[in-house]
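Accompanying notes for the structure given below.
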Amino acid sequence: MAVRRAPSSTYADSSSNGVDVIRVATALSESSSIHSDTLSLYQLTREMSRMELDPVTSVEDLQHVRRVVGPTQSPQSHGEEGLFFCDGRRKVDYVLVYHQRRHSSVRSPGSTADRLSVVSNGNFAVTVGSDAAAAAGRGGGIPGREAAIIGEVLVEIGGGGEDAAESSDREMQLIRQEFEANLREAGLEIERDRESKTHGPGFTRLHAPWPVLCREAEFLKIKVPTKTSYELKEESGFSASMSTVWRKLNQPFQPKVPHQDHGRTKLLSHCFSRDKLHLYNLTSKDTFFDNATRGRIVYEILRRTVCVRTCQTIGISTLIAKGVYDSAFPLHDGDFQVMGHCEERSDRQLLHEEWARYSAFYKYQPIDLVRKYFGEKIGLYFAWLGVYTQLLIPASIVGIIVFGYGVATVDTNIPSLEMCDERLNFTMCPLCDGACDFWHLSTACGTARASHLFDNPATVFFAIFMSLWAVLFLEHWKRRQISLSFSWDLTGIEEDEEHPRPRYETILLQKRQRKQNNKKKTKKKKNEPDKQRDGTVTGKDRWRQKLLSAMAAGIPVAKEKLTWKDRLSGYCINVSGILFMFGLTFSAVFGVIIYRITVSALMAMSPDPETKSNVRVTVTATAVIINLVVILILDEIYGAVAVWLTELEIPKTETNFEERLILKAFLLKFMNAYAPIFYVAFFKGRFAGRPGNYVYVFNDYRMEECAPGGCLIELCIQLSIIMLGKQLIQNNIFEIGIPKLKKLVRALKDKGRAQDEKEEERSRPPKQWNLDYALVPFEGLTPEYMEMIIQFGFVSLFVASFPLAPVFALLNNVIEIRLDAKKFVTELRRPVAARTKDIGIWYNILSGMGKFSVIINAFVISFTSDFIPRLVYQYMYSQSGTMHGFIDHTLSYFNVSNFKPGTAPHSSELGDIAFCRYKDYREPPWSAEAYTFSKQYWCVLAARLAFVILFQNLVMFLSLLVAWVIPDVPKTIVEQLKREKKLLVDVFLREEKEKFQLIQSIFAKDTTHLPTGHPLLPGQGCPEPGRYSTLPPGFSQGLAGDAGGGQKVRCRAASFSQFSRQTPPSPRNENETSRHTAV
């Protein structure tokens, strides 16, 4: 409770100034295992009006009420660093931060109001009115509106007059007091600031002593190394020599981190148990559990600690959501910068020196140290990012080779030479109606040559290679993940039980209260007591109502949960919201299309010849930049919308919330990033029509067409600018600029503080919790994974159009690793070390994108590039079997007399033109079926569809073959797992044997002290055989004593704790000796 009994004075002395109300309520959280006696709570609430209370009037008084753990001795040197309690011995494992507001006035003790709000769960009798009236006789009366509330107990304890903000702060203080009292009951030690603050952040430090660490480590099944070690299997022969050479070559790239290379010895690990402390290498209780593990243990206690008397909550996350605490976090290991000459550096300093520097870009990551400091979840992310970056190296090399092949063959490419040959004199149809003139195909020579750099026969090979590369990447990551799980002792871990999210509990509480109100209304007539004429309840009926309430409290309440009906409105909003976002994305793409069409028409009507000649390049470049800006803006909007939509679904746990958020955010951002690229790849130019029958937008503007060299070059430009722009602006500038901007905002806020506070802070060095509180809170790995997944899509989905995508991705990731490392080490608060076996749903997304990339690349090669039309021409229509005449074969004829009125050029610099050419497979105007699709069109279409089917099945077959050939679990890991199991069995059997030998020696010693001829009583010596005997019969041959060849009995193995117990002087009966071994 948040009130204390006054030792000498009563609260009634200060009640003359007014009336204060304590609102007492009790309610049980769904996730809580605490079941209070409702009748006792009812009696407690009735007696609170008679309590003598000492009101807490100010923050200074609260400091006296709170318990400050730790002696007042001067701190040691390391305690001054802010990592220990004031005694300099106990570590600060966790910090709770709360905010104290500055109030306009300081209240007098007489005007203090202590308000304890505990909402009833409906089990109290409706006797509030009478009890409140009785209390009113002592305190001065209760307003009728307050006394009329059913299910609440109103108790008057003093004067009122405080404002709403001050009342809210008082309630938060009471909640914190109860929560921290429960933390002390759980075994944690608490230290608070000795000086009192009237406003600003307040810090509560938590320390977990050794018994609490042992209890929670056993509960959480944390694996710790034992004293037993074994040698790993060494390689022999050629593989051993190659491994030695490889290690020597890699030596300059290894970080200078101790214990990075474990050598050939591995310690055997086992789940922690308090009964097996002698098996562990326990040199110091202070360092046996590292800081990350200690923080995780304290967080587990904070997560399940309940607060049911002042508010119905469970866990620190709910209290932070309610505003009781501002934040909660474990501390970093001191400063990340090395001050002076320090022989022994902390883990944070090692990470900053060897991992979080851009100068260390060429080194491997110290993954084991990252996992030790930040936990397995963050360690797996950086391990995955490292594997992905390493495998981009061969993809980049192959991409450079493919691009180099295009550069080397551009001067010998026959289609490009034909397009650039002015002697062939291909007169093309106008690009727009009226204002545009006829033009020669040779003017598009530069576009044709650039298109060959990316659209060449090597592109098909590269597309197949990248599809297999995606499979190899996933298979390699699975093996690497299992190797890390083995070395990090993650094999066989179980999923931790999660508590419900704060919003889920709030909605569930509202549902429960609605049900209780409905039940009260339906049963009101049945259980309503007789009342007198003045409306008061008679004594007999009042006791009857108390009895009914007590009986109702004994009925077990069924566990409630939210059903699909409760979430139906959220689901409907989710579907409609996602569809609306898709429509917004398509509208943005369509808007850019309109921009392309209008600007192209306006520039084509310009009298400047340079403007006319650069229409296509200018329009394409500016449209892509507009697309990039729209994508960056919508990305931020979609991220916030995804969080809002996920909250409407009311997921129960944080894992469910994270998975649903990831799916929504990925779906929205995927569509946002790739919608413009999909349009250029598969839709642009396919619905433009033909001369004389064009498709118009808004009846004025023609649909845009592809460049003479094809749409692949435009797809390459679109992909490269969006990919590089997102990586440069969103992934790097935003990640660097936004934290700097937040620091600047905090600095501007600090300038507004009082001058005396600044001088006070300068006079004393800041503690570590002050420094960490100024850092940015850790908000999860979803943004980090998301940007890499989108990049993986750029690398794999449309790689056939841009072979240099892996190169730019590799350069970005080399910087990204160090940027993320610097952010985690220097700019973010230390996250709780979360334990996980894999990267979760991200692997499924990667696998799905890898399969989807096969289909996309097949369609890009077939329908976007000219690879299939060239093959068809060369092997079906070419008379010489070469590519000579390919350009003429792909161009159709159009009679200019067939132009619609007003669409023909107003004037032409090329003279009188009878026929113009356009790129399509259609019948000539002199044919009986003029302007219809020709036979060549259908042949090319059939070949394209056949290639899609062949390419897809071939790559899928090769992918399955690669996945089947490469096992998921390395053979060495399988052998080591079997060996560890065997060694664990040997260790436990050896321990049982030692226990048995100790028991045998003690029994033998006891039997030698017995008098001659004195038989063993039933309660002495070895117990009778039964189901409590655990040793085999062979071990008990010598334990029967001299019982004259009687029945031989067995003794069960006992734990060492049993030998410390004293044997009672009186002999036990037979039933007792069947369950306990008397020693």
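Values as computed for the structure displayed
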| read-out | value |
| --- | --- |
| At R0 = 56 Å, FRET efficiency that the Cβ-Cβ distance of Ile949 and Glu166 yields, to 0.05 | 0.15 |
| Probe 1.4 Å - accessible area at Phe852, Å² to nearest ten | 80 Å² |
| Sites Val965 and Asp437 - FRET efficiency at Förster radius 35 Å, r taken between beta-carbons, to 0.05 | 0.05 |
| Too-long pairs where the Cα-Cα distance tops 19 Å, listed order kept, from Lys266/Lys372; Lys519/Lys652; Lys322/Lys652; Lys223/Lys823 | Lys519/Lys652; Lys223/Lys823 |
| Summed side-chain charge close to Phe361 - residues other than Phe361 whose Cβ falls under 11 Å, Lys, Arg +1, Asp, Glu -1 | +2 |
| Cα-projected label distance for Leu232 with His278, points at 7 Å along beta-carbon direction, nm | 3.2 nm |
| From phi via Karplus (6.51, -1.76, 1.60), per-residue ³J(HN,Hα) for the range 314-330 in Hz, x at Gly/Pro | 9, x, 6, 5, 5, 5, 5, 5, 7, x, 5, 10, 7, 6, 8, 7, x |
| Lys1005 paired with Val575, simple spin-label distance in nm, labels 7 Å along Cα-to-beta-carbon | 7.8 nm |
| The range 825-894 - percent of accessible surface contributed by carbon and sulfur, probe 1.4 Å | 57 percent |
| With DNA, RNA and ligands ignored, accessible area of Lys521 (1.4 Å probe; Å², nearest 10) | 150 Å² |
| Computed accessible area, Ile464, all protein chains, 1.4 angstrom probe, square angstrom | 40 Å² |
| ³J(HN,Hα), Karplus 6.51/-1.76/1.60, whole Hz, each residue of the range 862-872, x for Gly, Pro | 6, 9, 8, 8, 9, 5, 5, x, 5, 4, 4 |
| Length gained when the stretch Leu771-Ser897 is fully extended (0.36 nm per residue, less Cα-Cα span) | 37.3 nm |
| Radius 12 Å from Cβ of Pro869, net charge of other residues (Lys, Arg +1; Asp, Glu -1) | 0 |
| Solvent exposure, largest accessible area first (probe 1.4 Å, DNA, RNA and ligands not counted), of Trp469, Trp964, Trp938 | Trp964, Trp938, Trp469 |
| Cut-off 13 Å between beta-carbons: net charge of the residues surrounding Glu923, Lys and Arg +1, Asp and Glu -1 | +1 |
| Asp87 paired with Tyr595, simple spin-label distance in nm, labels 7 Å along Cα-to-beta-carbon | 6.7 nm |
| Charge dipole (debye, nearest 20) of the range 872-998; +1 at Cβ of Lys and Arg, -1 at Cβ of Asp and Glu | 520 debye |
| HN-Hα J in Hz across the range 847-852 - Karplus 6.51, -1.76, 1.60, θ = phi - 60°, x for Gly and Pro | 4, x, 5, x, 5, 5 |
| Solvent-accessible surface ranking, highest first, for Ile913, Ile887 at 1.4 angstrom | Ile913, Ile887 |
| Using a Förster distance of 56 Å, the FRET efficiency for Thr655-Thr427 (Cβ separation, nearest 0.05) | 0.30 |
| Computed over the range 371-481: relative contact order in percent, which uses C-alpha pairs under 8 Å that are six or more apart | 29 percent |
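The values are calculated or read from the model by the stated rules, or taken from the named source; none is laboratory data. From a predicted model like this one, the values you see are computed outputs, not experimental measurements. Glycine also receives a Cβ, built like all others from the backbone with ideal geometry; neighbour counts cover every protein chain displayed. All accessible areas refer to the heavy atoms of the entire protein, side chains included, with ligands and DNA or RNA removed. Shrake-Rupley method; radii C 1.70, N 1.55, O 1.52, S 1.80 Å.
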